[in-house]
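The structure under discussion appears below in the form of structure tokens.
The values are calculated or read from the model by the stated rules, or taken from the named source; none is laboratory data. Just so we're clear, the structure is a prediction, and the values are computed from it rather than from any experiment. Note: ideal-geometry Cβ built from the backbone for every residue, glycine included; neighbour counts use all protein chains shown. For accessibility, only protein heavy atoms count, side chains too; no ligands or nucleic acids. Shrake-Rupley method; radii C 1.70, N 1.55, O 1.52, S 1.80 Å.
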Amino acid sequence: MKATDIAEQDYFHKVVDCQWACPAHTPVPEYIRLIAAGRYADAYMINWKSNVFPGVLGRTCDRPCEPACRRGRVEEQPVAICRLKRVAADYKGDISDRLPGADVAKNGKRVACVGAGPASLTVARDLLPLGYEVVVYDGDARAGGMIRSQIPKFRLPESVIDEEVGYIADMGITPRYGEKIDSLKGLLAEDYDAIFVGSGAPRGRDLDIPGRQEAAANIHIGIDWLSSVAFGHIDKIGKRVIVLGGGNTAMDCCRSSRRLGGDEVKVVVRSGFDEMKASPWEKDDAMNEDIPILNFLVPKAFLHENGNLTGMSFDKVEAVYDEKGRRNLVPTGEPEVVIPCDDVLVAVGQENAFPWIERDAGLEFDRWNMPVVNEVTMQSTNPRVFFGGDAAFGPKNIIWAVAHGHAAAISIDRFCRGEDVTERPPHQITISSQKMGIHEWSYDNDISNDGRFKVPHADKAIALNNIKVEVELGFDDRLAYKEAERCLNCDIQTVFTPKLCIECDACVDICPMDCITFTENGEEADLRMRLMAPALNLTQDLYIADGLKTARIMAKDEDVCLHCGLCAERCPTGAWDMQKFLVDMAKAGASCNSH
Amino acid sequence: MTFITKPKLHHPKLPTNHLGFTRRDYEGAVSTLCAGCGHDSISAAIIQACFELAIEPHRIAKLSGIGCSSKTPTYFLGNSHGFNSVHGRMPSVLTGANMANRDLIYLGVSGDGDSASIGLGQFAHSIRRGVNMVYIVENNGVYGLTKGQFSATSDRGSKSKRGVPNNDEAIDLVSMALQLGATYVGRSFSGDKAQLVPLIKGALLHQGAAFIDCVSPCVAFNNHLGSTKSFDYVREHNDAVNRLDIIPERSEIVTDYEPGQTQTVTQHDGSMIRLHKLTPEYDPQDRVGAMNFLQQRYALGEIVTGLLYLDPEPRDLHAYLNTSATPFNELGEAELCPGPDALEKFNASLR
Ligand SMILES: Cc1cc2nc3c(=O)[nH]c(=O)nc-3n(C[C@H](O)[C@H](O)[C@H](O)COP(=O)(O)OP(=O)(O)OC[C@H]3O[C@@H](n4cnc5c(N)ncnc54)[C@H](O)[C@@H]3O)c2cc1C
Ligand SMILES: Cc1ncc(C[n+]2csc(CCOP(=O)(O)OP(=O)(O)O)c2C)c(N)n1
Ligand code: SF4
Ligand code: SF4
Ligand code: SF4
Ligand SMILES: [Mg+2]
């Protein structure tokens, strides 16, 4: 194998599994250390810079970082990264003096954002400090998008939305709320230098089976129902409720139903329990609220009498895999299953809809009727129009909306300055030794043996009684400290200098995880099997260094390194050093040329 | 010195032996030796050897004297018996313990100062008595613990860190062990675990006096240019006569060496030592030949390593003394103190 180029900007970034997996590349271990140090406001600001909505995300993020977290590979559970983010938000105190403020010299450019969801708000936050005038339209009366209209208040209190949406509003957004855009052409005709479409994926899929029309009064589309609940138009539901669908919307529907009068709420999914789209913790939360999840049942008909819904019938199916390994749901032949109910919530998927974008507005649409959007620049085929969030590539989540917003803001800024949007500014990387003394580091390298701590919950009876009572209470400072200590500090990199190495094996002998091997070089596949422990996780790199006296190579499997620094402590020559790798992701306004 | 304890977490794919232990279960406390000390690598090799042989930790007694090397038993086999004796007296304590309980595996760990200076007589007598043990000298050519004075194994002409040469002739413990009748003699290097681990395994299985001289650079006081016990010098002058595999009793033999280059020796307990010859003319069952070979190569400035001598049918001190087959701690009071009548009878037999 060739020696690893550790100067390459992604190499060490990939080692920080959580940060690499985060769409916005939040510097997770850096903020976790600040939480452990009780520096909540500093931890908050690191988050705010990267992901714009730390309080919201600390409660609701899809947390792609957690399945990626190294801790989950060295013991049972990853670090509770998401809930630590909430700790920063909960205990930060007043941070208003750290925010950019509205007092910025205007640059004369005007940008319109369609929709006031997280994607548009991110664009606004990134562009306002550069002097842009950002006009944000939304059909709803208040900003927040689905954060406000969909996510139930027992998961995300309104005050948190108000606070974090407010920070951006205070930076000088020009709001045009309560104004639905019904023509892109019309908007293009106004004197905007660029248009950002952050209108989300607002249409819930329906289920067209017998009885749908007849029993329509008690059949509701999940996301429409949730927004009616969120805005207070609906405050009760029947005693017996069936929720169709296995995604997070279904979980919000069933849990909301429990709070609005549903005593017997059941979730019914077509496929298997394990294949459900909902995050595992959402399923747990639903089941903890006495909501059974019935699987392998395909809806057959809505049953009704005299125009009133009485129940639903389902066919029982099983998963059969064909020779290509494809799964088919095949009827078992058992009698149909009938479940009586008073209301049904249909949460079987969400779609984009752009009725307001004329097909001759100079924008290409693909065969799925989605706008053609560049995945890096977020630019559509009309150079003046950019997309982001759920509107760009279909429904995702808040953190992706934020990431798209950052990318689009870079593009819009470059576009407005007449620069090539495909050329992207580089990220700012700093790497610095953490050595403080012979065996002293500026981070806590002692590895905690604790398992993941559970976030305390509100009393169930109280929570189920009021849809606005937040279920999760968040970590207190003591639990937060202990959970933060579980983080392995994956950004503190093991950096090897071959010319200092005397090949004494001290690092090999001390390493608790058998990461380090000195051996003859070879092809990667062969080398991976010859190490102190086989390197079977192909998503994790081998760090290769040559230039040793014996002509062997040093091969370090990054996979399960604890970043404990023991290799560096036991190295007599300082050939190993622990260096903090910080990457500041490029934001709008950053320059492309480094000079 | 490292202040944190070694994390309990280990590699998820770390193998277990048939006792269900991982290699990590054979570790001890975190080393307090200088970072990079060769002795730590020998500790790691001992851990690996005991793991691979699936020895129950409570069946080992580790004994040592004084010195950095003699401190190391704290850093391996944390669940075994241990005795840290006074300087140079490990062999006597080990001999006594062995006499009292022949059922344990005795692992003596010493330094070149501990064994070749103050303990030279003790070393010599434990070997010539054929005590069933593994005796490892972690040989760095200096008194590491007392800050680097030349030891008796330091080669004539070898230079101290300040550049002062050693004028005294070196004691070669391997030659002495051969001459004194050790039945398993090897030399290795802390920086070559591929050779050292099987050498230790063979010694642990050997039922007689097994001696291993392991060159182990002292990074603090004897790893400079001009030293003959530095990492660089040993790597350049290492003349390995063989490599070995240890095949415990009843295991299947898997050969991956060219025929003709290998030699299999079956030890008394049924285990086999498979030698891969690097120097074809070297015969590790020829004691006199081995002594001659060592002297010749030493004169050329080479450090001969490998399994240097093996007597597959060793006898040990218990056999010479015709002692009880049952260890003392399993004998009852009646057997240990048979009473005045028995004493009278015994005395009468001597009259
Ligand atoms: C029930 C439910 C629960 C969810 N829970 C989570 C969760 O816990 N965590 C998570 O990360 N994600 C969750 N999501 C997904 C998340 O809400 C979205 O991915 C995210 O809000 C998308 O952001 P966005 O900025 O693209 O658009 P949106 O948040 O959808 O905002 C779009 C805005 O555009 C406005 N708009 C649309 N068309 C027009 C128009 N023509 N003119 C003017 N305004 C218009 C809409 O009124 C809306 O306010 C959930 C989604 C649903 C449905
Ligand atoms: C009776 C006695 N004499 C002298 C000493 C001082 N002393 C301590 S360690 C040591 C030498 C140890 O050398 P070695 O066995 O080579 O161990 P190393 O530290 O090199 O591993 C000496 C002389 C002592 N502790 N006890
Ligand atoms: S252990 Fe910490 S730094 Fe490493 S992936 Fe998990 S959260 Fe990130
Ligand atoms: S920091 Fe060094 S010693 Fe610790 S696990 Fe990683 S490679 Fe091993
Ligand atoms: S002084 Fe020498 S022998 Fe002692 S611990 Fe340090 S390096 Fe090892
Ligand atoms: Mg010594």
Comparing each residue of region B:222-238 in the complete protein assembly with the chain by itself (heavy atoms, probe 1.4 Å, ligands and nucleic acids ignored), those losing at least 50 Å² of accessible area are B:Arg235
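Find, to one decimal place in angstroms, the Kirkwood hydrodynamic radius of region A:117-258, where the mean of 1/r is taken over every pair of different Cα atoms and then inverted.
17.2 Å
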Might you report the magnitude of the Cβ-based charge dipole of chain B about its Cα centre, with Lys and Arg at +1 and Asp and Glu at -1, to the nearest 20 debye?
-> 920 debye
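Which value does Rg/Rh take for region A:14-99 over its C-alpha atoms, Rh per Kirkwood?
0.96
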Within region A:192-266, DSSP-loop trypsin sites (Lys or Arg not before Pro) with at most 14 other C-beta atoms within 10 Å are A:Lys236, A:Lys239
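Output the antiparallel fraction of DSSP beta bridges having both residues in region A:204-348, as a percent to the nearest 5. Walk me through the numbers before you get to the answer.
Numbers: 17 of 31 bridges.
Once the DSSP bridges in region A:204-348 are tallied, antiparallel ones form about 55 percent.
Estimate the FRET efficiency between A:Glu523 and A:Ile95 by the formula 1/(1 + (r/R0)^6), using the beta-carbon distance for r and 60 Å for R0, to the nearest 0.05.
Values: r = 52 Å, r/R0 = 0.87.
Here the calculated transfer efficiency is 0.70.
For A:Gln428 and A:Lys324, calculate 0.36 nm times their separation in residues minus their Cα-Cα distance, and state this gained length in nm to one decimal.
Full extension of this stretch gives 32.9 nm more.
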Within 10 Å of the Cβ of an average residue in B:32-39, the count of other chain Cβ atoms is 5
Contour excess over end-to-end distance, with Cα ends at A:Lys236 and A:Trp281 and 0.36 nm allotted per residue | 13.6 nm
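Scan chain B and hand back the longest stretch that contains none of the chymotrypsin sites (Phe, Trp or Tyr not before Pro) lying in DSSP loops with at most 14 other Cβ atoms within 10 Å. Don't skip to the end; give the middle numbers.
On the way: sites that count: B:Phe3, B:Tyr257.
Maximal segment without exposed cleavage sites: B:4-256.
How high is the relative contact order of chain A? Use alpha-carbon pairs under 8 Å, at least six apart in sequence, and give a whole percent. Before the final figure, lay out the partial values.
Details: 1244 pairs, mean separation 102.0, N = 595.
Once divided by the residue count of chain A, the mean separation gives 17 percent.
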Stokes-Einstein D (µm²/s) once Rh is taken as the Kirkwood radius of region B:23-320 over alpha-carbon pairs, at 10 °C in 1.306 mPa s = 84 µm²/s
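Ignoring ligands, DNA and RNA, how much accessible area is buried between chains A and B, both sides summed, with a 1.4 Å probe, to the nearest 100 Å²?
Details: alone 25750 and 16820 Å², together 39910 Å².
Chains A and B together bury roughly 2700 Å² of accessible area.
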Lys, Arg +1 and Asp, Glu -1 on Cβ, resulting dipole of chain A about Cα centre, debye, nearest 20 = 500 debye
Between the helical axis of A:398-416 and the dominant principal axis of chain A, each derived from Cα atoms, what acute angle in degrees is found, rounded to the nearest 10?
-> 80 degrees
Apply the Kirkwood formula to region B:272-322: the hydrodynamic radius equals the inverse of the mean of 1/r over all pairs of different alpha-carbon atoms; give it in Å with one decimal.
-> 12.8 Å
Peptide A:499-509 - average C-beta neighbours from other chains (10 Å radius) | 6
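Between exposed GluC sites (Glu not before Pro) in chain B, where DSSP calls loop and at most 14 other Cβ atoms lie within 10 Å, what's the longest gap? Can you show the working numbers first?
Values: sites that count: B:Glu169, B:Glu249, B:Glu252, B:Glu281, B:Glu302.
Excluding the exposed sites themselves, the longest stretch runs over B:1-168.
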Are there GluC sites (Glu not before Pro) in region A:124-204 that DSSP marks as loop and that have at most 11 other Cβ atoms within 10 Å, and which are they?
-> A:Glu190
For the B:Val164, B:Ser324 Cβ pair and Förster radius 51 Å, calculated FRET efficiency rounded to 0.05 is 0.45
Under a 1.4 Å probe, counting only protein heavy atoms, B:Glu313 has an accessible area in Å², nearest 10, of 110 Å²
Quotient of C-alpha Rg and 2.2 N^0.38 Å, computed over region A:41-185 = 1.15
How long are the semi-axes of the ellipsoid equivalent to region A:204-348, from square roots of 5 times the Cα gyration tensor eigenvalues, in whole Å, largest first?
-> 25, 19, 13
Please list the equivalent ellipsoid semi-axes of region A:309-460, computed as the square roots of five times the alpha-carbon gyration tensor eigenvalues, in descending order and whole angstrom.
-> 43, 35, 18
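Using the crude model of +1 on Lys and Arg Cβ and -1 on Asp and Glu Cβ, and no other charge, please compute the dipole size for region A:361-510 relative to its Cα centre, in debye to 20. All intermediate terms of the calculation are to be shown ahead of the outcome.
Details: 15 positive and 23 negative charges, 112 e Å.
The calculation lands at about 540 debye.
If contacts are Cα pairs under 8 angstrom and at least 6 residues apart, what is the relative contact order of chain B in percent?
Answer for chain B is 15 percent.
With every protein chain present, what is the per residue accessible area of the protein assembly as shown (1.4 Å probe, Å²)?
Values: 39910 Å² over 946 residues.
I get 42 Å² per residue for this part.
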Roughly how many nanometres apart are two label points built 7 Å out from the Cα toward the Cβ at A:Lys14 and A:Ala551?
-> 2.9 nm
If we count every other residue with Cβ under 15 angstrom of B:Asp103's Cβ, Lys/Arg +1 and Asp/Glu -1, where does the sum land?
-> -2
Rg/Rh for region A:398-549, where both radii come from Cα atoms and Rh is the Kirkwood radius = 1.10
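Report, in deg cm²/dmol and to the nearest 500, the calculated mean residue ellipticity at 222 nm for the protein assembly as shown, where each DSSP H run with n ≥ 4 adds -39500 (n - 2.57) and the sum is divided by the residue count. Don't skip to the end; give the middle numbers.
Details: 34 runs with 276 residues, N = 946.
The helix contribution divided over the protein assembly as shown gives -8000 deg cm²/dmol.
In square nanometres and to one decimal, what's the mean projected area of the convex hull around the Cα atoms of region B:123-191?
Working: hull surface 22.2 nm².
Taking the Cα atoms of region B:123-191, their convex hull projects to 5.6 nm² on average.
How large is the convex hull of the Cα atoms of region A:471-595 per residue, expressed in Å³ as a whole number? The partial results should precede the final answer.
On the way: hull volume 26.1 nm³, N = 125.
With only Cα atoms used, region A:471-595 gives 209 Å³ per residue.
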Extending each Cα 7 Å along its Cβ direction at B:Asn101 and B:Gln261, get the distance between those two points in nm, one decimal.
-> 4.4 nm
Can you pull the percent of region A:204-348's accessible area that's carbon plus sulfur, 1.4 Å probe, other chains left in place?
-> 48 percent
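Tell me which trypsin sites (Lys or Arg not before Pro) from region B:1-82 have a DSSP coil assignment and no more than 12 other beta carbons within 10 Å of their own.
Values: sites: B:Lys8, B:Lys13, B:Arg23, B:Arg24, B:Arg59, B:Lys62, B:Lys71; in loops: B:Lys8, B:Lys13.
When the trypsin sites (Lys or Arg not before Pro) of region B:1-82 are filtered for loop state and at most 12 Cβ neighbours within 10 Å, B:Lys8 remain.
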If R0 is 60 Å, what FRET efficiency do you get for A:Phe365 and B:Glu302 from their C-beta distance, rounded to 0.05?
-> 0.15
Tell me, what is the Rg over Rh of the protein assembly as shown, with Rh the Kirkwood radius over Cα pairs?
-> 1.11
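Given a 1.4 Å probe and every protein chain left where it sits, what share in percent of the accessible area of region B:23-320 is carbon and sulfur?
On the way: 5710 of 11280 Å².
Looking at region B:23-320 in its full context, I get 51 percent from C and S.
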Among A:Ile181, A:Val56, A:His406, whose Cα lies farthest out toward the positive end of the dipole of chain A, if unit charges sit on the beta carbon of Lys, Arg (+1) and Asp, Glu (-1)?
-> A:Ile181
